[in-house]
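Chemist: Quick one: the structure is below, and I'll ask about it shortly.
The values are calculated or read from the model by the stated rules, or taken from the named source; none is laboratory data. If you're wondering where the values come from, they're calculated on a predicted model, not measured in any experiment. Cβ placement follows ideal geometry from the backbone for every residue including glycine, while neighbour counts extend to all protein chains displayed.
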């Protein structure tokens with residue numbers, strides 16, 4: 001009997017029990033691109049990508065990136081790293097680099113990476129924050145967490161998280177593009193929600209505003225692609 005996907009011998013062919021996973025890959029619209037069965041835990045995400053490219057008819061030169069739990073995966077990592085608890089099913093979203101707005105995610109990451117510890121300290125120390133700063137931080141927090149209140153006391157809790165910058169840098173909308181557009185649209189409709197305006201109140205606020213605009217541009221492109 002032939003080997004299964006990714007070169008794994010099927011369980012019935014061997015007396016050795018091999019821990020295997022089912023990997024489902026969807027696109028931004030939520031449609032299934034592939035379901036790979038009998039995937040060994042030791043395989044890497046890159047192995048899964050290779051198998052995906054075999055199964056999916058894509059334009060020449062298309063390169064996919066995998067997203068798990070709103071985070072871009074490390075393609076060199078073992079696939080087992082992205083298990084959800086004890087489940088033997090792993091779900092990924094595949095994003096094509098030919099997506100016209102894909103570069104906006106890279107821009108958002110660059111904006112997040114440019115925020116310094118000093119910038120964070122400045123924002124954390126606001127007792128009565130300038131309205132523009134409160135507005136942009138409220139937008140950021142509500143993008144990161146759909147249940148966030150956007151109130152200043154809750155914003156401060158988010159700002160004090162050690163992972164705040166990491167969360168910004170690694171944020172990927174995944175299947176939440178519509179929800180994020182609905183969150184950001186009212187902010188972006190405000191003439192004050194512009195980096196050049198925010199800069200008058202806070203340099204970090206200006207950068208976070210640019211981050212929001214980049215995420216919004218990606219989501220708008222993703223919705224258009226669907």
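Chemist: Need the failing condition index for residue 174 against (1) assigned to a loop (DSSP other than H, G, I, E, B); (2) surrounded by 19 or more Cβ atoms within 10 Å (Cβ to Cβ); (3) in contact with a helix residue (DSSP H, G or I) (Cβ under 7 Å, 6 or more places away or on another chain), just the number.
Modeler: Residue 174 satisfies all of (1) assigned to a loop (DSSP other than H, G, I, E, B); (2) surrounded by 19 or more Cβ atoms within 10 Å (Cβ to Cβ); (3) in contact with a helix residue (DSSP H, G or I) (Cβ under 7 Å, 6 or more places away or on another chain) except (3).
Chemist: Same structure, new question: Could you please find all residues in the range 207-217 being within 15 Å of the chain's Cα centre (by Cα) and under 18 Å from residue 145 (Cβ atoms)?
Modeler: 211, 212, 215, 216
Chemist: Also, I was wondering about something else. Looking only at residues that are within 15 Å of residue 80 (Cβ to Cβ) and either modelled with pLDDT under 90 or touching a helix residue (DSSP H, G or I) at 6+ places or on another chain (Cβ under 7 Å) (or both) in the range 16-36, which one is surrounded by the most Cβ atoms within 10 Å (Cβ to Cβ)?
Modeler: 23
Chemist: Checking the structure you have, find out if any residue of the range 155-166 is more than 28 Å from residue 117 (Cβ to Cβ), within 15 Å of the chain's Cα centre (by Cα), at pLDDT below 95 and in the same structural domain as residue 121 (by TED's automatic domain parsing).
Modeler: The answer is no; no qualifying residue exists.
Chemist: Would you please list the contacts, defined by Cβ atoms under 8 Å and residues six or more apart or on different chains, that run from a residue in the range 46-57 that is farther than 12 Å from residue 35 by Cα to a residue that is assigned to a helix (DSSP H, G or I)?
Modeler: Close Cβ pairs (under 8 Å, with a partner that is assigned to a helix (DSSP H, G or I)) amount to 47/6; 47/79.
Chemist: I've got another one for you. Return a yes/no flag: does the range 184-206 have any residue that is exposed (fewer than 14 other Cβ atoms within 10 Å of the Cβ), at pLDDT 95 or above, within 21 Å of the chain's Cα centre (by Cα) and in a helix (DSSP H, G or I).
Modeler: Within the range 184-206, one or more residues are exposed (fewer than 14 other Cβ atoms within 10 Å of the Cβ), at pLDDT 95 or above, within 21 Å of the chain's Cα centre (by Cα) and in a helix (DSSP H, G or I).
Chemist: Same structure again: What number of residues in the range 70-122 are in a helix (DSSP H, G or I) and either crowded, with 19+ Cβ neighbours inside 10 Å or out of contact with any strand residue (DSSP E or B) (no Cβ under 8 Å at 6 or more places or on another chain) (or both)?
Modeler: 20
Chemist: Of the numbered conditions (1) assigned to a loop (DSSP other than H, G, I, E, B); (2) under 17 Å from the mean Cα position of the chain (by Cα), residue 150 satisfies every one except a single condition; which is it?
Modeler: Condition not satisfied by residue 150: (2).
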